[in-house]
1. Would you confirm whether any residue within the stretch 319-329 is crowded, with 17+ Cβ neighbours inside 10 Å, more than 25 Å from Leu131 (Cβ to Cβ), touching a residue at least 24 places away in the same chain (Cβ under 8 Å) and out of contact with any Pro (no Cβ under 7 Å at 6 or more places or on another chain)?
2. Can you tell me which condition Asp143 does not meet? The list is (1) within 20 Å of the chain's Cα centre (by Cα); (2) more than 30 Å from Ile18 (Cβ to Cβ); (3) among the acidic types (Asp, Glu), and all the others hold.
3. Taking only the stretch 47-65 into account, find how many residues are over 17 Å from the mean Cα position of the chain (by Cα) and not basic (Lys, Arg).
4. Among the residues of the stretch 217-274 satisfying the criterion of being among the aromatic types (Phe, Trp, Tyr) and assigned by TED's automatic domain parsing to the domain that holds Pro358, which is farthest from the chain's Cα centre (by Cα)?
5. Conditions: (1) touching a residue at least 60 places away in the same chain (Cβ under 8 Å); (2) not in a loop (DSSP other than H, G, I, E, B). Cys159 meets all but one. Number of the miss?
6. Of all the residues that make up the stretch 72-93, how many are over 17 Å from Tyr329 (Cα atoms) and surrounded by fewer than 22 Cβ atoms within 10 Å (Cβ to Cβ)?
7. What tally of residues in the stretch 160-177 results from selecting those that are closer than 26 Å to Gly72 by Cβ and surrounded by 24 or more Cβ atoms within 10 Å (Cβ to Cβ)?
8. Looking at Pro355, Pro342, Pro281, which is the one that is touching a residue at least 60 places away in the same chain (Cβ under 8 Å), in contact with an Asp or Glu (Cβ under 8 Å, 6 or more places away or on another chain) and surrounded by 15 or more Cβ atoms within 10 Å (Cβ to Cβ)?
Amino acid sequence: MTHTRVEFFRHDLGETEIRSVARALKGVFLTAGPLTQKFEASFAQFLDCRSVVGTWSCTAALFLVLKALDIGEGDEVLTTPMTFIATPNAILEAGATPVFLDVEETTGNMNAELIERAIGPKTKAIMPVHLYGHMCDMKRMRDIADRHGLFLIEDAAHCIEGERDGIRPGQLSDAACFSFYATKNMTSGEGGAIATNDPVLAKKLRLLRSHGMNKEAAGRYSGTYQHWDMLCMGYKANMFDIQAALLLPQVSKIEENLKKRRTVYQRYVKEFGAMAGIGFPKILPRTTHAHHLFTLWVHPLIRDAFTEKLQEQGIGVAVNYRPVHLLSYYRRTFDFREGMFPEAESIGGSTISLPFYPQLREKATSRVIETVQRVAGELAPGS
């Protein structure tokens, strides 16, 4: 039987983005130039943050923030195992050690109740992840960070549009890091950004992203040539104007696309909410969800069979995420074992991410729902 395929993700880049990139290609700057600066200002205005620093990726953004805050060898950073590997990898790349905390049963976010008992003499920062687009309890985490003299760094890769208790990413933390990877709510294929209200930190981040140079290309080559100096050891991690050209038109579509994803979310919840053996993360009160991913939770014993059957019937799926501490490198390096973070392991063993994006039409959404219902029936006990 032939099935019409529903892709796991399809971007909605169109003529507006194509024209924007074409203009960039006809201009003077391809690297970090005026379009990068324009995007940074536009995104900062959207986030209501003082500064945005564009980077090559979210991983680079996390790494640069850690280096800018002088977090490195001998230091520990509290984070979550229920995330993409980029989060703890950035900590390792900076020379520090990730210390995992288990997650909330209902949201999959880092459990704030566990933070204070995990703080030790080597702890320098807390790095929460706003999983799937649901913000963590930033007010509580800011309070804990302040009382213990810790930095607070948000992995907001999923959470451009998120809000909780009137707080948005970047507004309470020292810095929030965003991703514009291929499947994100805004995309330039690869890309990232750091939002901060600290002007001193923003200045240091701009140095670090461009080899420690005090003038980037636009500063060196706009008008009369200006000499530059290397003020500190830096890295090659800057955003460039072609990325910015792709992103700029998308800033004005953020809210419109959020509404479209919310419509799909509401259909999924209505249809799956009454199904036996099917669960999904909850949205807590006073929270605006960014709706980056929609994940189902099924029994771990049938999860892999469930994903395989969905794919056989033309439904694109992913697993977001297997818990980091059970991946081979982390097991081998830190001697992690099953049972250490039971909530993260439960979610990681049961999660399935379904197609979920603004371009998902009603007919395709219906096919995803019907296929999930059929597969759930086939895999139900006694079927």
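1. There is no residue in the stretch 319-329 that is crowded, with 17+ Cβ neighbours inside 10 Å, more than 25 Å from Leu131 (Cβ to Cβ), touching a residue at least 24 places away in the same chain (Cβ under 8 Å) and out of contact with any Pro (no Cβ under 7 Å at 6 or more places or on another chain).
2. Condition (1) is where Asp143 drops out.
3. 3
4. So, considering only residues that are among the aromatic types (Phe, Trp, Tyr) and assigned by TED's automatic domain parsing to the domain that holds Pro358, the one farthest from the chain's Cα centre (by Cα) is Phe272.
5. (2)
6. The qualifying residues number 5.
7. 6
8. Sole residue among the options that is touching a residue at least 60 places away in the same chain (Cβ under 8 Å), in contact with an Asp or Glu (Cβ under 8 Å, 6 or more places away or on another chain) and surrounded by 15 or more Cβ atoms within 10 Å (Cβ to Cβ): Pro355.
The values are calculated or read from the model by the stated rules, or taken from the named source; none is laboratory data. All values derive from a computational prediction rather than experimental measurement. Methodologically, a virtual Cβ is constructed for each residue, glycine included, from the backbone with ideal geometry; neighbour enumeration extends over all protein chains shown.
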